[in-house]
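What follows is a set of notes on a single structure, which appears directly below.
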């Protein structure tokens, strides 16, 4: 069997097992189906991962062209990551496993609108009718002896937000008439199931005795075997601490230029008081700076902008708000003809007191909005992921790692500063604050999962060392507990991309030349090539880039 046939067989199985994800990737034939999330299904997935890894390990590399060798190693890294986490059984611990399947498969249908509206309504109703089954399977699977109260309560908040979305909002996505009425009726029934699910999670949280601590061995194996990094958990933490100290020194210099003092944390705190006064004003600010960033790229030629791409700036989805207190992005499906991405700005959950909303708006100040717009849109997530769509490999369009995607977005901030996008010292300081925040994330994420920092200690650390208001700090740390290793991806990936860029430039005769002095055409060649290669583990991205033009 050829490698391509093997890869096609593997992907076909992936899409059959996870139809909601397949639909999100743009494969519309799966739009009316919902994953089997029973215990037997999850156990079968682990068994299948072991079998598939054996089959891919047996492939003779010498018979593959270089691009196929990269695809092979990408699949193997994905499968190794699954097997490392098999005994962790996250499906017994985290209700997001079920709430995500129930909600994402409905939300993305109307977000991307890849088919006519009547077809979307029929698919959404079919998926809503599966929500009670998903809830039953989740109820059977979650184990209070393994799950932690914090993760369960986060899940309950998401379920309640999802219930409101299904009961009150989803029908508004279609025109008035019979289709809207049918959607509203199906949404109300599905919402009732999610409300019961939230109540169950509240009860289970009161009984929970489990942990969210992934442990040192699993964390290190994910770094080395899945992300293909030459780091262990403790080494990564030291890396984060060293970067934190380096960045703090640089921030003192910039604070001196901005306000005449080395006390950068006070400068940031004072500047954060200059923020939008309403969430709508915040969204408008993000939309303005997103367009400015895109115009800067078009004028300078630092990247190639694919024809037809656009990025919409919108409030965060209602069901996302209880579990995510920062901006986020959703790309156009890689197997679709759409080139429209969605940049979600962080609105507060329903019922949030006005004082807390103002605290959250402080974390989205006028000094900070330019950096976040770069990170989420141009040339961060949005630009990268529309370039990612250009890769012909179905394997690479299906799988991506946050160590590249988040690393790229943070690199984008750095590059835009190098090339003069941030014109005021306070904007530069907020960019550096965004980076030191990611260094703090590495320290906290590793310490949490090594069992050497409690939740409350982590919240205090993020308040004191990253300058987050308490509500944002709690939302952040809750995310780290539920999603181990992801928070470390940003700065780790950025530093790896900077290292790859330095070697790539050196090989082209720019040794010793500062990035700000490198000709635009050479930087554009690097940016286009590394993003179009996919969103690979950084070890594979390095192999791709050092072969370009070799």
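The values are calculated or read from the model by the stated rules, or taken from the named source; none is laboratory data. It should be emphasised that the depicted structure is a prediction, and the values quoted were computed from it without experimental measurement. Here Cβ is always computed from backbone atoms with ideal geometry, including for glycine, and neighbour counts include all displayed protein chains.
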Which of the residues belonging to the stretch 9-27 are closer than 12 Å to residue 334 by Cβ, without any contact (Cβ under 8 Å) to a residue 60 or more places away in the chain and touching a helix residue (DSSP H, G or I) at 6+ places or on another chain (Cβ under 6 Å)?
22
Residue list for the stretch 512-528, restricted to those being surrounded by 17 or more Cβ atoms within 10 Å (Cβ to Cβ), part of a helix (DSSP H, G or I) and free of Cβ contacts under 8 Å to residues at least 60 places away in the same chain:
526
Any idea which residue in the stretch 198-207 is nearest to residue 135 (Cα to Cα), counting only those that are in contact (Cβ under 8 Å) with a residue 60 or more places away in the chain and surrounded by fewer than 22 Cβ atoms within 10 Å (Cβ to Cβ)?
200
Here is a check on your reading of the model: is residue 221 in contact with a helix residue (DSSP H, G or I) (Cβ under 9 Å, 6 or more places away or on another chain) and surrounded by fewer than 15 Cβ atoms within 10 Å (Cβ to Cβ)?
no
Looking at (1) surrounded by 16 or more Cβ atoms within 10 Å (Cβ to Cβ); (2) at pLDDT 95 or above, can you tell me which one residue 260 breaks?
(1)
Number of positions in the stretch 240-252 that are surrounded by fewer than 20 Cβ atoms within 10 Å (Cβ to Cβ) and within 18 Å of residue 480 (Cβ to Cβ)
1
Anything in the stretch 165-177 that is surrounded by fewer than 17 Cβ atoms within 10 Å (Cβ to Cβ) and in a helix (DSSP H, G or I)? List them, or say none.
168, 169, 172
Name the residues in the stretch 178-187 that are free of Cβ contacts under 8 Å to residues at least 60 places away in the same chain and surrounded by fewer than 22 Cβ atoms within 10 Å (Cβ to Cβ), would you?
178, 180, 181, 184, 185
Kindly check whether there is at least one residue in the stretch 480-489 that is touching a helix residue (DSSP H, G or I) at 6+ places or on another chain (Cβ under 7 Å), crowded, with 16+ Cβ neighbours inside 10 Å and within 24 Å of residue 391 (Cβ to Cβ).
yes
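The rows are residues; the columns are (1) in contact with a helix residue (DSSP H, G or I) (Cβ under 8 Å, 6 or more places away or on another chain); (2) surrounded by 23 or more Cβ atoms within 10 Å (Cβ to Cβ); (3) touching a residue at least 12 places away in the same chain (Cβ under 8 Å).
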{"position": "336", "(1), (2), (3)": "yes, no, yes"}
{"position": "346", "(1), (2), (3)": "yes, yes, yes"}
{"position": "353", "(1), (2), (3)": "no, no, no"}
{"position": "361", "(1), (2), (3)": "yes, no, yes"}
{"position": "366", "(1), (2), (3)": "yes, no, yes"}
{"position": "384", "(1), (2), (3)": "yes, yes, yes"}
{"position": "398", "(1), (2), (3)": "yes, no, yes"}
{"position": "406", "(1), (2), (3)": "yes, yes, yes"}
Can you tell me which residue among 58, 86 is at pLDDT 95 or above and under 20 Å from residue 400 (Cα atoms)?
86
Within the bounds of the stretch 409-419, is there any residue that is in contact (Cβ under 8 Å) with a residue 24 or more places away in the chain, surrounded by fewer than 23 Cβ atoms within 10 Å (Cβ to Cβ) and part of a loop (DSSP other than H, G, I, E, B)?
yes
Looking only at helices (runs of 4 or more DSSP H) that lie completely in the stretch 42-157, which have at least 3 residues being over 24 Å from the mean Cα position of the chain (by Cα) and crowded, with 18+ Cβ neighbours inside 10 Å?
117-128, 131-141
Determine if the stretch 9-27 includes at least one residue that is outside the structural domain of residue 539 (by TED's automatic domain parsing), more than 26 Å from the chain's Cα centre (by Cα) and either more than 25 Å from residue 89 (Cβ to Cβ) or buried (at least 19 other Cβ atoms within 10 Å of the Cβ) (or both).
yes
